[in-house]
Amino acid sequence: QVRLVESGGGLVQAGGSLRLSCAASGRTFNRFAMGCMGWFRQAPGKEHEFVSFITWNSTRFADSVKGRFTIFTDNIKSTVYLQMYSLKPEDTAVYYCAAGPTSSLEASAYDYWGQGTQVTVSS
């Protein structure tokens, strides 16, 4: 079993920055075994939206965040980070960390999910 715990959300003004963390634990976890670590977000009344993923040799970002967000890992700490710059009100959502066997833009491809962390961007 893999457990994912997000942190780092909060309230920020438009144009500001936040760094989200996703700490993974569980005897089967490592970045390579899980294949892919992803970030999704869900705004009220909307479906889960892909934000970014990272594998051992690739990263990918949604068009809406490309150039503003970065993703990286600290394998010693088993933590995945989502660094968000130039935040916009439309980035407001609950952000979820997810882990799965292969890279995918689809939420259904991920086996493990964190509880989510709220990001609110004020205009």
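The values are calculated or read from the model by the stated rules, or taken from the named source; none is laboratory data. Nothing here was measured: the structure is a model prediction, and the numbers come from that model. Backbone-built Cβ (ideal geometry, glycine too); neighbour counts: all protein chains shown. Surface areas here come from the heavy atoms of the whole protein model, side chains and all, with no ligands, DNA or RNA. Shrake-Rupley method; radii C 1.70, N 1.55, O 1.52, S 1.80 Å.
Structural remarks
- Modelled FRET efficiency - R0 35 Å, Asn75 with Gln118, Cβ distances, 0.05 increments: 0.80
- Sites excluded, trypsin sites (Lys or Arg not before Pro) in DSSP loops with at most 11 other C-beta within 10 Å, longest stretch of the chain: 78-123
- Seen from all directions on average, the chain presents a Cα convex hull projection of 6.8 nm².
- Annotation: per residue accessible area for the chain equals 52 Å², rounded to a whole number [probe 1.4 Å, protein chains only].
- Of all lysines in the structure, those lying under 24 Å Cα to Cα from Lys66, and not within fewer than 8 positions of it along the same chain, are Lys46, Lys88.
- Mean residue ellipticity (222 nm) of the chain, computed from DSSP H runs ≥ 4 via -39,500 (n - 2.57), nearest 500: -500 deg cm²/dmol
- Database remark: amide H of Gly10 closer than 5 angstrom to the amide H of Val119, Thr120 (H placed geometrically; neighbours at sequence offset of 5 or more, or on other chains; Pro and chain starts carry no H).
- Expressed per residue, the C-alpha convex hull volume of region 65-123 stands at 109 Å³.
- Fraction of accessible area attributable to carbon and sulfur, the chain (%, probe 1.4 Å): 49
- The chain - Cys residues lacking any other Cys C-beta under 4.7 Å: Cys36
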